[in-house]
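Peer 1: Here it is, the structure in full.
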Amino acid sequence: MKFCPVSRFSLLVCSLSAWLLCNGEPSGIRVPLKNDIGISSRMPRAAETDRRQSINFMEMIDNLRGKSGQGYYVEMTIGTPPQKLNILVDTGSSNFAVGAAAHPFLKRYYRRNLSGTYRDLRKSVYVPYTQGKWEGELGTDIVSIPHGPNVSVRANIAAITESDKFFINGSNWEGILGLAYAEIARPDENLEPFFDSLVKQTQVPNIFSLQLCGAGFTLNETDAASSVGGSMYNYDKSIVDSGTTNLRLPKKVFQAAVKSIKAASSTEKFPDGFWLGEQLVCWQVGTTPWHIFPTISLYLMGEATNQSFQITILPQQYLRPVEDVATSQDDCYKFAISQSTTGTVMGAVIMEGFYVVFDRARKRIGFAVSTCHVHDEFRSATVEGPFFSTNMEDCGYNIPQTDESTLMTIAYVMAAICALFMLPLCLMVFQWRCIRCLRREHDDFADDISLLK
């Protein structure tokens, strides 16, 4: 497996950064991120010799479990004697936190009082996510990954004492392992994330991988729809986030994507709530009409601004199967593309089609088609490129600079209006104070005259 440099990410547009994983022909992409990283598991094969040092941590065969709707987790041990817990892998945050109090959705939790190596930092922490939040108390303890590198490290841990819509019933994980950079750690960037501690205290290199293997289906399509077309433009901030389920798109991109998917699948009628992720659609088992749904292509800019690469996902990824519903004899799905106000988020439903390498040291991420992705005889998740153009930076949607100047103009106008309203009031107050002072002086003068009489 070769590693070929490329840079900057984009969704039918441009924005992060990438490099290609290739085997004589283009077969993968790498994308340098600003703030987010991943973890490793189920490496499909050994990497090139210049990356052999990273294999120790990446070969965590069968240690990663779970599914996109509830999250993927890895088994870890904390404390002395070791307490085993399943920890959600989240490449979109930087805090390592575990449940430390009884909760209806937790079968077990971290008991600090039973660990002889726990140290209290006497500091509290609060972390909100797109959905859910928690607060807890910071400390440090000895942590290891039984099926990972044969090392133990002292790491910062947040003991979760209160939470709201954070833990998921039936998910089988009791904590979260944030693997992004320290810049987004809470309460501040001085709190060293777990992976930083791992790299500093051991010989583990600052690179690792992640392969999410979601539920698959046996498919028998006789037709295949084409990729979603048109110009869709992304904001300049994008992340690859294993802790998020959906592909989340900026409003303009989301609306364009839904419009295109609706047009391609117009032979079926779907309720409006389906496109908002509020309603399910169901078909009899084995009859899902996958062929009416298009594939979706995401373009990633290379290190050279005239290069881009394309990854393509199937509807089997962005239509997420939902289990345990009333119509259990049907195949039911939830639309796993949603709207974002903070840029593009490539969540688990995207990552399930690819093997992803996170190179923290060089701030880049790589994609290659995974060994467990869902496919059929007509379509498959793909990685293609490089493609060349004059300047791929032109395809990225950025908020126009005029917007900022417009806001400043509005602010100045509002300030001027406030000043106009305040000026008469200030004059009235000044006049009132002058009159009051004159009256007081007059009264004092009258008193003095009366004393002279």
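The values are calculated or read from the model by the stated rules, or taken from the named source; none is laboratory data. In this text the structure is predicted, and so the values were computed from the model without any measurement. When we count neighbours, we look across all protein chains shown, and the Cβ atoms used for this are built from the backbone with ideal geometry, even at glycine. For the accessible areas, the whole protein counts, side chains as well, though only heavy atoms, and no ligand, DNA or RNA atoms are used. Shrake-Rupley method; radii C 1.70, N 1.55, O 1.52, S 1.80 Å.
Peer 1: Which one of Ser124, Gly99, Pro149 has its Cα pushed farthest toward the positive end of the charge dipole of the range 93-173, where Lys and Arg give +1 and Asp and Glu give -1 at the Cβ?
Peer 2: Pro149
Peer 1: So, R0 is 41 Å and r is the distance between the beta-carbons of Thr117 and Glu323; what FRET efficiency does that work out to, to 0.05?
Peer 2: 0.55
Peer 1: Here's a follow-up. Could you order Tyr299, Tyr118, Tyr318 so the one with the most accessible surface comes first? Probe is 1.4 Å.
Peer 2: Tyr299, Tyr118, Tyr318
Peer 1: To continue, here is another question. For the range 417-430, just list the computed ³J(HN,Hα) in residue order, Karplus coefficients 6.51, -1.76 and 1.60, θ = phi - 60°, integers in Hz, with x standing in for Gly and Pro.
Peer 2: Karplus-based 3J(HN,Hα) across the range 417-430 equals 4, 4, 5, 5, 6, 6, 4, x, 5, 5, 5, 5, 5, 4 Hz.
Peer 1: With a point put 7 Å past each Cα toward its Cβ, work out how far Ser227 is from Gln70 in nm, to one decimal.
Peer 2: 3.5 nm
Peer 1: A further question follows. Given a 1.4 Å probe and the protein chains all in place, what does the accessible area of Glu75 round to, in Å² to the nearest 10?
Peer 2: Counting only protein heavy atoms, the figure is 40 Å².
Peer 1: Here is the link list: Lys200/Lys251; Lys262/Lys363; Lys67/Lys237; Lys133/Lys259; Lys84/Lys123; Lys259/Lys363. Which ones come out longer than 29 Å on Cα distance?
Peer 2: Too far apart for the 29 Å limit: Lys200/Lys251; Lys262/Lys363; Lys133/Lys259; Lys259/Lys363.
Peer 1: Separation between the Lys259 and Glu377 pseudo-spin-labels, each 7 Å from Cα along Cα→Cβ, expressed in nm?
Peer 2: Modelled inter-label distance: 3.7 nm.
Peer 1: OK, next. Counting only other residues whose beta carbon sits under 11 Å from that of Thr117, what net charge do I get with K and R as +1, D and E as -1?
Peer 2: Local net charge: +2.
Peer 1: Amide H neighbours of Met301 under 5 Å, counting only residues 5+ apart in sequence or on other chains, H built in-plane at 1.01 Å?
Peer 2: Excluding prolines and chain starts, which carry no amide H, the hits are Phe9, Ser10, Ser15, Leu16, Phe309.
Peer 1: If amide H atoms are built 1.01 Å from N in the plane of the peptide, which residues on other chains or at least 5 residues away come under 5 Å of the amide H of Val281?
Peer 2: Placed amide hydrogens put Tyr333 under 5 Å from Val281.
Peer 1: Sticking with this structure for a sec: What FRET efficiency would be calculated for the residue pair Val151, Gln279, taking the C-beta separation as r and a Förster radius of 60 Å, to the nearest 0.05?
Peer 2: 0.80
Peer 1: Can you give the extra length, in nm with one decimal, that the chain gains between Gln131 and Thr161 once fully stretched, where that is 0.36 nm per residue apart less the Cα-Cα distance?
Peer 2: 9.0 nm
Peer 1: Where does each of Thr161, Thr130, Thr244 land when they are ordered by accessible area, with a 1.4 Å probe and the largest first?
Peer 2: Largest accessible area first, the list is Thr130, Thr161, Thr244.
Peer 1: Where does each of Arg112, Arg122 land when they are ordered by accessible area, with a 1.4 Å probe and the largest first?
Peer 2: Sorted descending by solvent-accessible area, the residues read Arg122, Arg112.
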